[in-house]
Amino acid sequence: MSRREQVVYLAAAWCLSYPDEELIGRVPLMRAALGEFPGAVADFQEVLDSLESTPPMDSQALYVREFDLGKRHALHLSYWTDGDTRRRGEVLGNFKKTYRQSDILVDTHGELPDYLPMVLEYAARVDLAAGRDLLTRFRASLEMLRFGLLRDELPHARILQAVCATLPGKSPADEQAVMRMAGYGPPTEAVGLDPYDPRLLPVKGA
């Protein structure tokens with residue numbers, strides 16, 4: 001199972017990253033690696049097809065709109081659990097501590113350490129057990145992101161589904177179940193951004 005998890009995590013890390021020329025050039029490699037495992041490529045198929053068939057500038061514009069300009073599909077795991085509260089600083093520190101404990105220096109390239117593609121690549125390439133533990137601890141964040149992508153009909157939702165399928169237990173049926181699973185409600189001690197509340201999300205296209 002570990003080899004399959006590593007491939008899924010690395011492909012997910014790349015597919016959730018900014019689609020520059022280097023990433024687009026990796027599509028055949030991702031197809032080949034995922035093809036080693038029955039059914040693995042299916043969850044990635046639509047995103048991979050889009051990367052190959054869409055003009056790069058269009059892919060990049062879509063990525064910026066959906067992942068960079070708002071928080072509907074935030075790729076920072078602690079955002080979903082802690083928003084921009086003071087508590088989040090401690091959480092981010094714990095991510096850094098995990099990275100420091102590995103034998104390989106993890107370069108965050110200026111990103112916050114809870115950036116999902118970074119966590120996935122850490123799990124795939126550096127320490128599968130420690131990376132999987134981070135993903136498991138932030139399972140609720142992964143599920144909330146998955147529901148947000150589903151709501152907006154983005155194919156990346158199936159990639160989140162593939163990641164969650166590697167973790168213990170079944171995915172919750174809805175967002176309320178995610179909150180119950182995690183045992184918390186939206187953070188209220190916001191110092192910048194509004195705390196996450198699925199009821200306040202704007203309707204796509206509005």
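Laboratory data are not the source of any read-out in this text; all were calculated from the coordinates shown. From a predicted model like this one, the values you see are computed outputs, not experimental measurements. FYI the Cβ positions are ideal-geometry reconstructions off the backbone, even for glycines, and counts take in every protein chain you see.
Taking 7 Å steps out from each Cα toward its Cβ at LYS170 and ASP103 produces label points 4.0 nm apart.
Backbone amide hydrogens, once placed in the peptide plane, bring HIS76 within less than 5 Å of LEU116, excluding anything fewer than 5 places away on its chain. Applying 0.36 nm per residue to the separation of LEU29 and ARG151 and subtracting their alpha-carbon distance, the gain on full extension is 41.0 nm. Using the Cβ of PHE44 as centre and a radius below 10 Å, the other residues enclosed give a net charge of -1, where K and R count +1 and D and E count -1.
Summing +1 for each Lys or Arg and -1 for each Asp or Glu among the other residues whose beta-carbon sits under 11 angstrom from that of ALA13 gives +1.
What number comes out for the charge environment of ARG31, summing +1 per Lys or Arg and -1 per Asp or Glu over other residues with Cβ under 12 Å away?
Details: positive: ARG26; negative: GLU36, ASP49, GLU52.
Here the charged neighbours net out to -2.
Hydrodynamic analysis of region 2-182 uses the Kirkwood radius over alpha carbon pairs. Inserted into Stokes-Einstein at 25 °C and 0.890 mPa s, it gives a translational diffusion coefficient of 147 µm²/s.
What does the highest-first list of 89-102, 152-165, 112-125 look like by mean Cβ count within 10 Å?
112-125, 152-165, 89-102
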